[in-house]
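Below is one structure, written out as structure tokens, with a few remarks after it.
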Amino acid sequence: MSPVWDETPDEGLLAATRSEPAAFGAFYRRHEDRILGYFLSRVGDPEVAADLTAETFAAALSSAPRFRPRKAPAAAWLFGIARNTLAMSRRQGRVEARARRRLRMAPLVLTDEAIERITALDPTALALVDELPGDQQDAMRARVIDEQDYADIAMDLRCSEAVVRKRVSRGLGTLRARMEGK
Amino acid sequence: VTRIPQLEQELVAAAARRRSPRRLVRPAVRAVLAAGAAAVAVALGVVVAADDDAERRPQPAPGVQSPPATNDDSSLYPSLSSRQQVARIANRWAPLFAAAPNPDACAGYDPLHPSREVAAKYMAQPPCEQAVCKRVPDETIENCTPLSPEFQRSFENATVEDVAERGNRAAARFSNGATVVLQKVKQSGLEPRPPPWLITKIGGDAYRRFFGPDS
């Protein structure tokens, strides 16, 4: 896989995916940890987290031609897919697999080493976000995890940008204090 | 190295399939080609099936009674014991593997004959690619020695003689002396269902580990 893609911005990788499959490999490498960590902190099981991650990236691959950079950064777009995948899977009581089916992807067979590598991801910080007060939690997730703009978050949360900034700042402060206390 | 290298490879392979020239063929032309291919496939299928029944169906080993492989409907697998499942999968895989797989077959299909069953169906991606030293879509694996054509061909009439299980792993020993390792696949609602076991290793020290005196 060519390392040249590693320096290309997310938007460029998604745009190139149609003609250069390796570009999507680079996109995967760049976001694998964050998506895996996101799922691991929510489901706690490395194999289920891996399955959800596979489905999320498969859905992203299918939707890549429809991605519009102006609407949201690619990371936020990807986390949106991850959240939908998790919500859908919870509703159905099993990991969603529609996107992988459509792409005719082989089932994941995790080696012991892969499971160890996934387990090594530290979900502590993400788990601590869950313990924040509701308003700080929403602002933190949108800003730090989904990398949304303050303006977009303000619109989603129906408050001013200043309020969002304050909630994120308080959330980060609380998180730092708790991490140091651990 | 990513945490799940197999997933990265699968995604790149899926992206490659999406850009396949077949997708660019105009739908009308594609429909005509598909209809023609289906007619030929049906005609060939009748001939090949007759051939298979008469000559190629593997005989179950004495210790591992494998039910007759009438078709590959994966819904049949749950009614078999683990050992029978392993034997059936390994027996179906062997002649496909012996037919010198096209490196592209590791993508899960034969691009020239998309409806034809390929060895990769019964294999995890890494061992499939390691066997031919080619990574999907078209990358040579460095410092890799492909399995010899003689070794591959030796599976042509090989049948499973013994199966050993260890937790989620199992090994099948063939009549050609080779042993393959399989891993149980977690079924997570994927349709069509994958085979319940996938081959993760061919040869190596598998025999000693599963069938040796210290096993």
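Structure data summary
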quantity: Averaged over A:13-22, number of beta-carbon atoms from partner chains that fall within 10 Å; calculated: 3
quantity: Neighbour net charge for A:Arg91 - beta-carbon separation under 15 angstrom, K R +1, D E -1; calculated: +3
quantity: Neighbouring partner chain Cβ atoms per residue of A:24-31, average, 10 Å criterion; calculated: 4
quantity: Computed accessible area, B:Lys184, all protein chains, 1.4 angstrom probe, square angstrom; calculated: 90 Å²
quantity: Distance histogram in 5 Å bins (all Cα pairs of region A:28-182, percent per bin); calculated: 1, 9, 17, 19, 20, 16, 11, 5, 2, 0
quantity: Trypsin sites (Lys or Arg not before Pro) lying in DSSP loop within region A:28-72, provided at most 11 other Cβ fall within 10 Å; calculated: A:Arg70, A:Lys71
quantity: By accessible area with a 1.4 Å probe, ligands and nucleic acids excluded, highest first: order of B:Thr2, A:Thr119; calculated: A:Thr119, B:Thr2
quantity: Protein heavy-atom accessible area occluded, A/B pair - total, 1.4 Å probe, Å²; calculated: 3300 Å²
quantity: Members of region A:43-79 that become less accessible by 40 Å² or more once partner protein chains are added (1.4 angstrom probe, chain alone as reference); calculated: A:Leu61
quantity: Solvent-accessible area per residue for region A:33-145 (1.4 angstrom probe, square angstrom); calculated: 45 Å²
quantity: Residue-averaged [θ]222 nm for chain A, counting only DSSP H segments that reach four residues, each worth -39500 (n - 2.57); calculated: -21000 deg cm²/dmol
quantity: Candidate residues A:Thr56, A:Thr8, B:Thr140, B:Thr145: accessible-area rank, largest first, probe 1.4 Å; calculated: B:Thr145, B:Thr140, A:Thr8, A:Thr56
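The values are calculated or read from the model by the stated rules, or taken from the named source; none is laboratory data. As the structure is a computational prediction, the values presented were derived from the model and not from experiment. Note that we place each Cβ from the backbone using ideal geometry, even for glycine, and neighbour counts take in every protein chain shown. We work out accessible area using only protein heavy atoms, side chains counted, and drop any ligands, DNA or RNA first. Shrake-Rupley method; radii C 1.70, N 1.55, O 1.52, S 1.80 Å.
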